[in-house]
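**Q** Input: one structure, supplied below.
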Amino acid sequence: MSNTDTIRKTNQYLTFKLGEEMFGVDVGKAREVLDCAEVTKVPQAPDYMLGVINLRSSVVPVINLRKKFGMTETEKTIDTCIIVMEIDVDGDIIVIGTMVDAVQEVLDLDASQIEPPPRLGTRLNTEFIKGMGNLNDQFIIILDIDRVFTSEELAEIEGDRIVEEVVA
């Protein structure tokens with residue numbers, strides 16, 4: 001295998017922690033990492049949405065990834081930060097912030113270090129997991145960030161949702 005083959009098969013992932021678990025997202029999806037900023041609450045937002053921040057005159061929704069994944073909440077620490085990501089929803093790019101416990105590093109993983117996502121039966125949705133990275137016997141859950149949120153959830157987060165109520 002030549003060096004160009006190796007380069008083609010290597011992917012870079014921004015890794016972060018939620019509790020003791022290590023996660024990774026394609027580095028191309030991450031725009032920047034921010035210190036935990038003051039978040040403005042939004043009335044009637046989903047419970048996993050912390051609110052919005054002002055990022056260079058743009059309103060960016062911020063999601064508590066722990067809550068989105070059904071994990072218990074913890075106190076913010078000096079390492080708690082917000083990863084600003086670009087999510088592709090049906091060809092539209094939506095910018096959101098995701099609060100994580102700590103950003104680790106950018107890792108290069110080649111295809112041989114990534115296993116397919118586990119099959120956990122029909123009751124648990126794992127379609128947002130691209131694979132399981134293995135680096136020095138530590139698992140890294142590689143997320144397909146475009147699939148973590150449904151288009152309905154993103155519409156709700158963005159505030160574009162049209163609520164139709166049928167009164168019987």
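**Q** Which numbered condition in (1) free of Cβ contacts under 8 Å to residues at least 60 places away in the same chain; (2) part of a strand (DSSP E or B); (3) over 17 Å from residue 93 (Cα atoms) is the only one that residue 23 fails?
**A** (1)
**Q** So for region 8-23 (the condition being more than 28 Å from residue 132 (Cβ to Cβ), modelled with pLDDT under 90, over 12 Å from the mean Cα position of the chain (by Cα) and not β-branched (Val, Ile, Thr)), does at least one residue qualify?
**A** The answer is no, given that none of the residues of region 8-23 is more than 28 Å from residue 132 (Cβ to Cβ), modelled with pLDDT under 90, over 12 Å from the mean Cα position of the chain (by Cα) and not β-branched (Val, Ile, Thr).
**Q** Only one residue in 90, 47, 35 is within 14 Å of residue 157 (Cα to Cα) and among the charged types (D, E, K, R). Which one? Talk me through it step by step, then tell me what you get.
**A** Working: 90 fails: within 14 Å of residue 157 (Cα to Cα); 35 fails: within 14 Å of residue 157 (Cα to Cα).
47 is the lone residue from the list that is within 14 Å of residue 157 (Cα to Cα) and among the charged types (D, E, K, R).
**Q** Follow-up. Identify, by number, the condition in (1) more than 14 Å from residue 23 (Cα to Cα); (2) within 13 Å of the chain's Cα centre (by Cα) that residue 137 doesn't meet.
**A** (2)
**Q** From the list 76, 17, pick out the single residue that is touching a strand residue (DSSP E or B) at 6+ places or on another chain (Cβ under 6 Å), farther than 26 Å from residue 155 by Cβ and not hydrophobic (A, V, I, L, M, F, W, C).
**A** Going through 76, 17 in turn, the sole match is 17.
**Q** Moving on. Give, as residue ranges, the strands (runs of 3 or more DSSP E) completely inside region 48-134 that count at least 1 residues that are under 17 Å from the mean Cα position of the chain (by Cα) and either modelled with pLDDT under 85 or small (Gly, Ala, Ser) (or both). Give the steps one after another, and end with the answer.
**A** Values: elements: 49-55, 58-64, 81-89, 92-100, 102-110.
Here the list reads 49-55, 81-89, 92-100, 102-110.
**Q** If a residue has to be exposed (fewer than 15 other Cβ atoms within 10 Å of the Cβ), in contact (Cβ under 8 Å) with a residue 12 or more places away in the chain and small (Gly, Ala, Ser) to count, how many in region 70-97 make the cut?
**A** So the answer is 0.
**Q** A follow-up question, please. Please enumerate the residues belonging to region 98-107 that are of a type in the set (Asp, Glu) and either farther than 20 Å from residue 66 by Cβ or surrounded by fewer than 19 Cβ atoms within 10 Å (Cβ to Cβ) (or both).
**A** Result: 105, single match.
The values are calculated or read from the model by the stated rules, or taken from the named source; none is laboratory data. The structure displayed is predicted, hence computed values, not measured ones. Cβ sites come from the backbone with ideal geometry, for glycine too, and all protein chains shown count toward neighbours.
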